Amino acid sequence: MEPSTTYLSTATQTWIDAQKVCVIGAGTMGSGIAAHLSNLGFEVTLLDMTFDSVEQAFQRARKVRPSHFYQPANADAIRLGSIRENLDWVREADWVCEAIVEDPFAKQDLYRQIEPLLREDAMISTNTSGLEIDKLAAGRSESFRRRFLGTHFFNPPRYLKLLELIPTQETDPSAIEAMTHFLESRVGRRVVLAKDTPGFIANRFGMWSMFHAVHTAEKLQFQVEQVDAITGPFLGRPRSGSFRLNDIVGLDVMQAIAKNLLQRRPEDPFIGALRTPTSMQTLLERGWIGAKAGQGYYKKEGRELLALDLRTLAYRQASDAQFDSIAALGKLPLAERLRQASQGLDEVGEFLREHLFPVLRYAYALREEISHNVLDFDRVMQWGFGWQMGPFEMIDVLGGERIGLETPPFYQNRKMLAFSGDYQPLPDEPEYRTAKDFPVIETREGFTVRDMGDGVGLLCLTTKMGTLNPELTRELTAYLKSTPTQRFVLTGDGRCFSVGFDLNYFLTKIQEERWEEIDETLTALQKLGEALEEKSVVAAIFGYALGGGLELALSCSRILADPECKIGLPESRVGLIPAARGTTLMRLHHQDSIKHLTDAAMAVTLGTTSQSAAEAKSLGYLRETDLIAVHPDRLMETAKTLALQAEPVRRPAWQEAHGPLTGMIDRAQDERKRKGEMSEYDEKIGDKIKAIFGKTDSYEDALARERSEFLNLCHSSLTLSRIKHMLETGKPLHN
């Protein structure tokens, strides 16, 4: 179909600027989609058949853990209504996202009702995990069909970034382009264009591989813990492995998808793997369908974890599956791990040859039917299932001949093997560059300097978990003072931005009573923060931004936070206070009101850590000028853009706190103690924070008091116990 000027002009811009979304269907997926869109600031309407059904479904969505919502206010902002009485609200929507039951007749009946209400420039899509999009649009007007697409979100939408976008033969090409742009730039999705085939890519292949793992376990008489030990992080996949993933998805959902594929693709020679395994059939008959039923392949009884014995089909205490080869190979790069493990003569090698090799052969057999190229296929498994490597990357690593395939490499020299047999360049996507995609221009102790172009340097912390230490502090300060470069992005080179300063350092210095060295270290950290203030720096934070890491970020012109970044100043949990300007900056940033100062003092006293960047804003850790990234995968590129606009920090002038600040903090502490949320030692730590907030009269005085109060706490045996306990267990000690 030729592109229409209508969609290339008016509708395209309307879609890109869309703000009002109507989600129809308040079930698991519909509520999750509505929550994700509300988190991002869209005006969301959620409709279900009746007021009762939408209220009940939405209350369940509010209680889901991990939460669908960044914070309660995002749930409160969603407008609820009924299809019977409020369907005319569709008239207001820039995008109508239908997410009702997976029944083609029900969906078609709904489209018949809403089509007269749709604006000519509104988007219309169906969230389906496998129904044919073309058939769903049958009977609708040309205008409807030209803008109708499948939008297959993954559950839960807040956490899984993949979206399969499925057009029909009649969907306007410019509508596909506009929707892709909208979903990637405004909805924070990574979009893969899938063919309109049963199950698309994710369920057709992903579900097959999930079923195949169960069949293989039963065939080899492996136990569920053994399979999960092999098919989790060791295989470059999430910790859920195979059987935990089955419980999360739901055995009833798995069976429904499998039955649909068995019915619609009977000619597929591999389709038999989707027949229900014996263990799964038993669990389904008993109603033990997974996590939502409280039990499936695993069951929690109090603190005890039980696992289904695949031989007896009865629960027993779960064991910690141990394999020598996993212990020996676990720290190798994934490619080498796969090569060596799959050649092993132990249980791990046997399972990989019986399961992984057939899975890769099936991907090869399906590739042209369900995907436009192997990169799309790989990305679906990476973004939707959390695989570190897609199936075609794995085939290249293992070698086609080893798994029974005669094929040249699928990837080489930044090109991919097309279905035509030619090699085509991989897409150039500068907006999705990671820190490691920028060239290194200098390597220092604890960090590297990379070139982002346009005069922007990228400072990447390279220590484990971005941990700060005296050497890094000294080197980074010296570098900032000596370089003429004025614009930087500060970020982490690993799995997170920074978990703070090395606790082992403080433990050693306390035990050796090297108090002067501790004071010198704190002074150096404070000076590093001031050195950052002199440049135009944007901190791109993700994963964790805790303690000293957050203190450095707050020294930058702005912070750009991944939405899921966990942010806080948890020093009190190890018996200390933030003393790298953290307490002082919290005092400065909240001096506009006594209430804000009281709330900030309590957040630091309790060592509260946010579970999202939005929550960090509400807790006062992020400033008004700090931003939350819409698309986490664009963190670096967005941070660079912000760095080009940033100005050096203008630290607020110190203002006296008017009113009964210390009294308000005392009352807040008393309330927390009454509720059992604070111990006497927590109160002592809180008193030190209160003193900095309420009894200092200048910025310099506050910095000095930070250090002196920190050192005073270092002399306490209770602080020493807290530090030791955290290092030994990873958990705080409430002494």
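The values are calculated or read from the model by the stated rules, or taken from the named source; none is laboratory data. Quick caveat: nothing in here was measured; it's all calculated off a predicted structure. As a convention, Cβ positions derive from the backbone with ideal geometry for all residues, glycine included, and neighbour counts pool all protein chains shown. The area values use the complete protein model at the heavy-atom level, side chains included, leaving out ligands, DNA and RNA. Shrake-Rupley method; radii C 1.70, N 1.55, O 1.52, S 1.80 Å.
Within the same chain, lysines fewer than 8 places from Lys300 are excluded, and of the rest, those with a Cα less than 18 Å from its Cα are Lys292. Quick check: from the Cα gyration tensor, does region 395-509 come out rounded (a/c under 1.5), prolate or oblate? Verdict is oblate for region 395-509.
Here's the picture: charge each Lys and Arg Cβ at +1 and each Asp and Glu Cβ at -1 in region 534-665, and of Pro563, Ile594, Trp654 the one pushed furthest to the positive end of that dipole is Trp654.
Residues within the reach of a label modelled at Lys63 (point 7 angstrom out along Cα to beta-carbon, backbone nitrogen below 18 Å), restricted to region 240-256: there are none.
Each pair of Cα atoms in region 112-241 enters the Kirkwood radius, and Stokes-Einstein at 10 °C and 1.306 mPa s then converts it into a translational diffusion coefficient of 95 µm²/s. Placing a label point 7 Å from the Cα of Gln388 along the Cα-to-Cβ direction, the residues of region 228-252 whose backbone N falls under 16 Å from that point are 229-242. Restriction of the GluC sites (Glu not before Pro) in region 171-237 to DSSP coil positions whose beta-carbon has at most 14 other beta-carbons within 10 angstrom yields no sites. Bridge orientation summary for the chain: considering DSSP beta bridges with both residues in this region, about 40 percent are antiparallel.
Evaluating 6.51 cos²θ - 1.76 cosθ + 1.60 at θ = phi - 60° for every residue in region 659-666, the Karplus couplings come out as x, x, 4, 5, x, 5, 5, 4 Hz, glycine and proline recorded as x. Computed with a 1.4 Å probe over protein heavy atoms only, the accessible area of His658 comes to about 130 Å². Taking label points 7 Å from Cα along the Cα-to-Cβ direction, His715 and Val101 give a separation of 7.2 nm.
In plain terms, the chain from Glu534 to Glu301 could stretch by 78.3 nm, reckoned as 0.36 nm per residue minus the Cα-Cα distance. Placing +1 on the Cβ of every Lys and Arg and -1 on the Cβ of every Asp and Glu, with no other charges, gives region 1-146 a dipole of roughly 360 debye about its Cα centre.
Restricting to DSSP loop positions (anything but H, G, I, E, B) with no more than 16 other Cβ atoms inside 10 Å of their own Cβ, which GluC sites (Glu not before Pro) remain in region 644-735? Answer by residue number: Glu656, Glu677.
Provide the gained length on full extension for the span Glu55 to Lys436, in nm with one decimal, where the gain is 0.36 nm per separating residue minus the Cα-Cα distance. Display every interim value, and only then the final one.
Numbers: separation 381, 0.36 × 381 = 137.16 nm, distance 4.60 nm.
Difference between extended and current length: 132.6 nm.
Projecting the Cα atoms of Gly453, Phe323, Gln169 onto the charge dipole of the chain (Cβ charges, centred on the Cα centre) puts Phe323 farthest toward the positive pole. For the chain, the convex hull drawn through the C-alpha positions has a volume of 183 cubic angstrom per residue.
Each Lys and Arg adds +1 at its Cβ and each Asp and Glu adds -1 at its Cβ; summed about the Cα centre, region 238-307 shows a dipole of about 160 debye. Rounded, prolate or oblate: which one fits region 246-386, using the alpha carbon gyration tensor with axes a ≥ b ≥ c (rounded when a/c is under 1.5, else prolate when a/b beats b/c, else oblate)? In terms of gyration-tensor shape, oblate. When only Cα pairs below 8 angstrom with a gap of at least 6 residues are kept, region 642-726 shows a relative contact order of 26 percent. Positive-end ranking of Tyr298, Leu47, Ala93 along the dipole of the chain, with charges on Cβ about the Cα centre, is headed by Tyr298.
Relative contact order for the chain: what is it in percent, counting Cα pairs under 8 Å that are at least 6 residues apart?
Once divided by the residue count of the chain, the mean separation gives 8 percent.
Tell me the mean residue ellipticity at 222 nm calculated for the chain from its helices only (DSSP H runs of n ≥ 4, each -39500 (n - 2.57), averaged over every residue, nearest 500).
Roughly -13000 deg cm²/dmol at 222 nm, from the helical runs in the chain.
A Förster radius of 45 Å, combined with the Cβ-Cβ distance separating Asp324 from Glu517, puts the computed FRET efficiency at roughly 0.55.
Relative to one another, the C-alpha centroids of region 609-642 and region 148-173 are positioned 26 Å apart. For a straight C-alpha distance cut-off of 30 angstrom, the lysines reachable from Lys535 (same-chain residues fewer than eight places away being disregarded) are Lys436, Lys464, Lys481, Lys527, Lys566, Lys617, Lys640.
What is the dipole size for region 661-706, taken about its Cα centre, with +1 at each Lys and Arg Cβ and -1 at each Asp and Glu Cβ, in debye to the nearest 20?
200
Region 388-443 and region 657-735 have Cα centres lying 52 Å from one another. In summary, region 529-641 shows an alpha-carbon radius of gyration equal to 1.00 times the 2.2 N^0.38 Å reference for compact globular proteins.
I want to make sure I understand the PRE zone here: with the label point 7 angstrom from the Cα of Leu727 toward its beta carbon, which residues in region 551-579 have backbone N atoms less than 20 Å away? Residues 570-579 fall inside that zone.
Rounded, prolate or oblate: which one fits region 36-75, using the alpha carbon gyration tensor with axes a ≥ b ≥ c (rounded when a/c is under 1.5, else prolate when a/b beats b/c, else oblate)? Because a/c hits 1.5 or more and a/b fails to exceed b/c, region 36-75 counts as oblate.
Mind checking the full-extension length gain between His658 and Thr312? Use 0.36 nm per residue of separation minus the Cα-Cα distance, one decimal, nm. Walk me through the intermediate numbers first.
Values: separation 346, 0.36 × 346 = 124.56 nm, distance 7.09 nm.
That pair, His658 and Thr312, stretches by 117.5 nm at full extension.
Going through region 343-452, which chymotrypsin sites (Phe, Trp or Tyr not before Pro) have at most 16 other Cβ atoms within 10 Å and a DSSP loop state? When the chymotrypsin sites (Phe, Trp or Tyr not before Pro) of region 343-452 are filtered for loop state and at most 16 Cβ neighbours within 10 Å, Phe419 remain. Region 461-494 and region 280-332 have Cα centres spaced 44 Å apart.
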